[in-house]
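Participant: Can you read through this structure? Questions will come right after.
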Amino acid sequence: MDKRIATLAQAVADIPDGASVMIGGFGGSGAPIELIHALIDRYLATGSPRNLTIINNNAGNGHVGIAAMIEQGMVAKMVCSFPRSADPRVFTDKYLAGEIALELVPQGTLAERIRAGGAGIPAFYTPTGFGTDLAKGKPVAEFDGRSYVQERWLKADFALIKAETGDHLGNLTYRMAARNFAPLMAMAAARTVVQVSRAVEPGGIDPEEVVTPGIFVDAIVTVPDPAQEEDLNRANAHHPKVTA
């Protein structure tokens, strides 16, 4: 039951070509930068994984994190709510060149689709998107005089998330807003890999404070001082590093 993994490289070693990967984060809040960069490093060394479907709130900023994955050509499709954010040039250039696909999902619908995936609910109805291009081809039904669009659950092969504290059994807590999509993604993915800032022994987390139970977690790697996407972008960072 000990779910600790020694290195970031080992934590992402099983992600294959063509996998669907949920990545936690609301912008940089809760983004597992080190796991993402470890996956990029593996790609640069081996050429795999490629043709990934990435599910996240946005499509990356600058040249780090998800944006760096897109820049390296690892991502075939983005499923997200905000493809245009603070510095979306990498995604924008790839999209306009026809090198990446986009499935645009309203933010609340994205969260509920992921939650439904984890809860085993194949579909649900929402008024969001009715009468727009986002509803084209989807079943519509009327309830109490209002039209609703059917949305399908959203599941993934892997989830990469960041937590504040985790014990060896995989029980997790989060730091404030960094929680965002992570608990939902942990439930909706077939395999969940977590980077934690602080690892504790079983019993080191008050059971009343556990947000994600260990049953939804498959691997934990400790990153004591995780990078923050916004800080990296303010420093004009690139991954991999650009050398003169």
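The values are calculated or read from the model by the stated rules, or taken from the named source; none is laboratory data. It should be emphasised that the depicted structure is a prediction, and the values quoted were computed from it without experimental measurement. Don't worry about glycine lacking a Cβ; one is built from the backbone with ideal geometry, like all the others, and counts go over all protein chains shown. Calculation scope for accessible area: heavy atoms of the full protein, side chains included, ligands and nucleic acids excluded. Shrake-Rupley method; radii C 1.70, N 1.55, O 1.52, S 1.80 Å.
Participant: How many residues does the stretch 2-35 hold that are under 16 Å from A186 (Cα atoms) and in a helix (DSSP H, G or I)?
Facilitator: Final tally of qualifying residues: 2.
Participant: Additional query: Kindly establish whether D167 is of a type in the set (D, E), over 18 Å from the mean Cα position of the chain (by Cα) and surrounded by fewer than 14 Cβ atoms within 10 Å (Cβ to Cβ).
Facilitator: The answer is no for D167.
Participant: Can you find, within the stretch 8-33, the residue that is least open to solvent (accessible area, probe 1.4 Å) among those that are polar (S, T, N, Q) and within 25 Å of N51 (Cβ to Cβ)?
Facilitator: S20
Participant: In the stretch 92-120, what residues are touching a helix residue (DSSP H, G or I) at 6+ places or on another chain (Cβ under 8 Å) and β-branched (V, I, T)?
Facilitator: Listed by number, the residues that qualify are I100, V105, I114.
Participant: Select from the stretch 68-78 the residues that are surrounded by 23 or more Cβ atoms within 10 Å (Cβ to Cβ) and part of a strand (DSSP E or B) and list them in ascending order.
Facilitator: V75, M78
Participant: Select from the stretch 50-66 the residues that are out of contact with any His (no Cβ under 9 Å at 6 or more places or on another chain) and either part of a strand (DSSP E or B) or on the phi < 0 side of the Ramachandran plot (or both) and list them in ascending order.
Facilitator: R50, L52, T53, I54, I55, N56, N57, N58, A59, N61, I66
Participant: Where in the stretch 114-211 are there strands (runs of 3 or more DSSP E), lying wholly inside it, with at least 1 residues that are touching a residue at least 12 places away in the same chain (Cβ under 8 Å), within 30 Å of P224 (Cβ to Cβ) and of a type in the set (K, R)?
Facilitator: Where strands (runs of 3 or more DSSP E) fall fully within the stretch 114-211 and carry at least 1 residues being touching a residue at least 12 places away in the same chain (Cβ under 8 Å), within 30 Å of P224 (Cβ to Cβ) and of a type in the set (K, R), they are 156-167, 189-200.
Participant: Shifting gears a bit: Please state which of the following conditions T128 fails to meet, knowing it meets all the rest: (1) open to solvent by less than 20 Å² (accessible area, probe 1.4 Å); (2) β-branched (V, I, T); (3) touching a helix residue (DSSP H, G or I) at 6+ places or on another chain (Cβ under 6 Å).
Facilitator: Against the list (1) open to solvent by less than 20 Å² (accessible area, probe 1.4 Å); (2) β-branched (V, I, T); (3) touching a helix residue (DSSP H, G or I) at 6+ places or on another chain (Cβ under 6 Å), T128 comes up short only on (1).
Participant: Can you list residue pairs whose Cβ atoms sit under 6 Å apart, with the first residue in the stretch 89-105 being free of Cβ contacts under 8 Å to residues at least 12 places away in the same chain and the second being surrounded by 14 or more Cβ atoms within 10 Å (Cβ to Cβ) and among the aromatic types (F, W, Y)? Count only pairs 6 or more apart in sequence or on different chains.
Facilitator: none
Participant: Right, here's the next one. Condition first: touching a residue at least 24 places away in the same chain (Cβ under 8 Å) and under 21 Å from F26 (Cα atoms). Now tell me which residues in the stretch 232-243 satisfy that.
Facilitator: L232, N233, N236, A237, H238, H239
Participant: Continuing with the same structure: Any idea how many residues of the stretch 192-228 are within 17 Å of A38 (Cα to Cα), in contact with a strand residue (DSSP E or B) (Cβ under 7 Å, 6 or more places away or on another chain) and open to solvent by 40 Å² or more (accessible area, probe 1.4 Å)?
Facilitator: Qualifying residue count, the stretch 192-228: 2.
Participant: So which residues in the stretch 82-112 are part of a loop (DSSP other than H, G, I, E, B), of a type outside the set (S, T, N, Q) and on the phi < 0 side of the Ramachandran plot?
Facilitator: P83, R84, A86, D87, P88, A97, E99, I100, V105, P106
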